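Throughout, read-outs are computed from the coordinates displayed, never taken from laboratory work. Note that the structure is a prediction, hence the values are computed from the model and not measured. Here the Cβ is made from the backbone with ideal geometry for all residues, glycine too, and neighbour counts use every protein chain on show.
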Amino acid sequence: MDVSVDGGRNWRTARLEGPVMSKCLTRFNIDWVWDGKPAIIQSRAMDDTGYVQPTYQQMRAVRGSRSIYHNNSIQSWALREDGEVVNVQLA
């Protein structure tokens, strides 16, 4: 599991919290001190075969812009200066 706090420009490996089992939800975390500035937070998963969760842009390139089913692309969250968090799509 990787986490980015700058919109996917840089990725850091997250710590997984047990139990860690294949194909199961797993809690994860990183150390990060928010400086109060807007940030785009993302996480991406990798499976046992090495498949890395795709970006929305990569998913759209494969499935087209009208596909709404099975969207397992990376979700992006905008952290605003006032602390509000909203789901956003990066183009």
Under the helix-only model (-39500 (n - 2.57) for each DSSP H run of 4 or more, divided by the residues of the chain), the mean residue ellipticity at 222 nm, to 500 deg cm²/dmol, is -2500 deg cm²/dmol
per DSSP, antiparallel bridges as share of beta bridges in the chain, % nearest 5, sits at 95 percent
So, with points 7 Å from each Cα along the Cβ direction, the D6-N29 label distance in nm works out to 2.4 nm
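Decide, for the chain, between rounded, prolate and oblate: order the square roots of the alpha carbon gyration tensor eigenvalues as a ≥ b ≥ c, take rounded if a/c falls under 1.5, and otherwise choose prolate if a/b is larger than b/c, else oblate.
On the way: a/c = 2.06, a/b = 1.09, b/c = 1.88.
Here the chain falls in the oblate category.
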Listing Y51, Y56, Y69 by rising number of other beta-carbon atoms within 10 angstrom, fewest first, gives Y69, Y51, Y56
Around L79 (Cβ within 13 Å, Cβ-to-Cβ, excluding L79; K/R +1, D/E -1) the net charge comes to -3
For the chain, averaging the sequence separation of alpha carbon pairs under 8 Å that lie six or more residues apart and dividing by its residue count, the contact order in percent is 26 percent
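What is the fewest-to-most order of V33, V62, V3 by other Cβ atoms lying within 10 Å of their Cβ?
Fewest-to-most Cβ neighbours within 10 Å comes out as V33, V62, V3.
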